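This report refers to the structure that appears directly beneath it.
The values are calculated or read from the model by the stated rules, or taken from the named source; none is laboratory data. This is a predicted model, so every value here is computed, not measured. Counting neighbours? That spans all protein chains shown, and the Cβs are built from the backbone with ideal geometry, glycine included. Areas reflect the complete protein model, heavy atoms only, side chains present, ligands, DNA and RNA absent. Shrake-Rupley method; radii C 1.70, N 1.55, O 1.52, S 1.80 Å.
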Amino acid sequence: MPEPAPRSPWSAGLGRASIRSAQTLLILVLASVLVFALTRVTLIVIPVLIALILAAAIAPLVSWLRHRGWPPAGATGISFLGMLAVVGGVVTAIVFAVRSEWPTLVEKAGAGFDQLYALVKAGPFPVDDAAIRNVRDRALEFLGSSSFTPGAPTGIGAAAGFAAGFVLMAVLLFYFLKDGPGIWAFVLRASRGGHRAKAELAGARGLQVLGGYVRGTAAVAGIDAVVIGGALLVLQVPLALPLAVITFIGGFIPMVGATAAGALAVLVALVSNGPVAALVVLAVVVGVNQLEGNFLQPVLMGNALKVHGLVILLAL
């Protein structure tokens, strides 16, 4: 009777797990190298990502116009010009609303933080004075730096890079809207049979989900900005328009954006209008955040992403 062949140590359960672990580590290394390489060409990567996000957001408009009998070029041109007008108008409004008042906003935020810190320091609980001061100084230094301060880019190189990136983004957006299916087919040209069909379906579903997420986030951020900005106007808090703009932008930053924008509004109200107005603004911010997390996002994002609102609520 022949002797059984010796069993390879890699065929056992631990051996197979080791092989899978090594493969996973290799994939992580390759992904890290790819991400690092992409960070070296941000002038290309960022316009591509922005164009893809905008194209996903307005692709339904292009499809709707085509189904109504518009020619592809006409539907793409109208959607493209409309998106450029909206983006240009929003950017212009943000720059003019925030640029002239940003130093005052930073100064008032710092003064508001100092008032709150004085109240906390006088309380019964010990606080780390050095650590809190360090965080405060770093935050104000960042908000007042040229890397964050809104306005025209400083330096010829920065201005040229911004202009080149914007032009590239606009060109990519036009082609994504006009030839999106053809571009995706070109990317999948190496796939065959069932794999190609699955990849095409994944691309279509991914574009649909990305567009729904962008539209839903914009709707929620817009409602937050209108409600909080309206409360600031009613209370006659200075810098209401810049704070509303910051609230809208913060809505696109997951988890922390809305909270940080609301805290900034409370600090400005504390300095300018006193503790009563600050408490009212705080109540509005907390109420809006609760309304957003428990109603707006489950309903709007659920409809946009075609997911039940309960799933969104539990995820939040």
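Among ARG205, ARG215, ARG196, which is the only one that is open to solvent by 50 Å² or more (accessible area, probe 1.4 Å), closer than 29 Å to ALA73 by Cα, assigned to a helix (DSSP H, G or I) and in contact with a helix residue (DSSP H, G or I) (Cβ under 8 Å, 6 or more places away or on another chain)? Give the steps one after another, and end with the answer.
Values: ARG205 fails: in contact with a helix residue (DSSP H, G or I) (Cβ under 8 Å, 6 or more places away or on another chain); ARG196 fails: in contact with a helix residue (DSSP H, G or I) (Cβ under 8 Å, 6 or more places away or on another chain).
Answer to the check: ARG215.
What's the number of the condition ALA269 fails, among (1) crowded, with 22+ Cβ neighbours inside 10 Å; (2) in contact with a Phe, Trp or Tyr (Cβ under 6 Å, 6 or more places away or on another chain)?
Unmet condition: (2).
Looking at the range 223-257, which of its residues are of a type in the set (Gly, Ala, Ser) and either in contact (Cβ under 8 Å) with a residue 60 or more places away in the chain or outside any loop (DSSP other than H, G, I, E, B) (or both)?
Taking the range 223-257 and keeping what is of a type in the set (Gly, Ala, Ser), we get 225, 229-231, 240, 244, 250-251, 257.
Within the range 223-257, ALA225, GLY229, GLY230, ALA231, ALA240, ALA244, GLY250, GLY257 meet the criteria.
Being at negative phi, open to solvent by 60 Å² or more (accessible area, probe 1.4 Å) and small (Gly, Ala, Ser) narrows it down to one of ALA85, ALA75, so name that one.
Values: ALA75 fails: open to solvent by 60 Å² or more (accessible area, probe 1.4 Å).
Of the residues listed, the single one that is at negative phi, open to solvent by 60 Å² or more (accessible area, probe 1.4 Å) and small (Gly, Ala, Ser) is ALA85.
Please work out which one of (1) under 23 Å from the mean Cα position of the chain (by Cα); (2) assigned to a helix (DSSP H, G or I) is the condition ALA185 fails and give its number.
(1)
Would you point out the residue of the range 293-314, among those that are modelled with pLDDT of 70 or more and within 17 Å of the chain's Cα centre (by Cα), that is most open to solvent (accessible area, probe 1.4 Å)?
So, considering only residues that are modelled with pLDDT of 70 or more and within 17 Å of the chain's Cα centre (by Cα), the one most open to solvent (accessible area, probe 1.4 Å) is LEU300.
I'd like the full set of residues that are part of a helix (DSSP H, G or I), free of Cβ contacts under 8 Å to residues at least 12 places away in the same chain, open to solvent by 60 Å² or more (accessible area, probe 1.4 Å) and not hydroxyl-bearing (Ser, Thr, Tyr), limited to the range 34-65.
Across the range 34-65, the qualifying residues are LEU34, VAL35, PHE36, LEU38, LEU49, TRP64.
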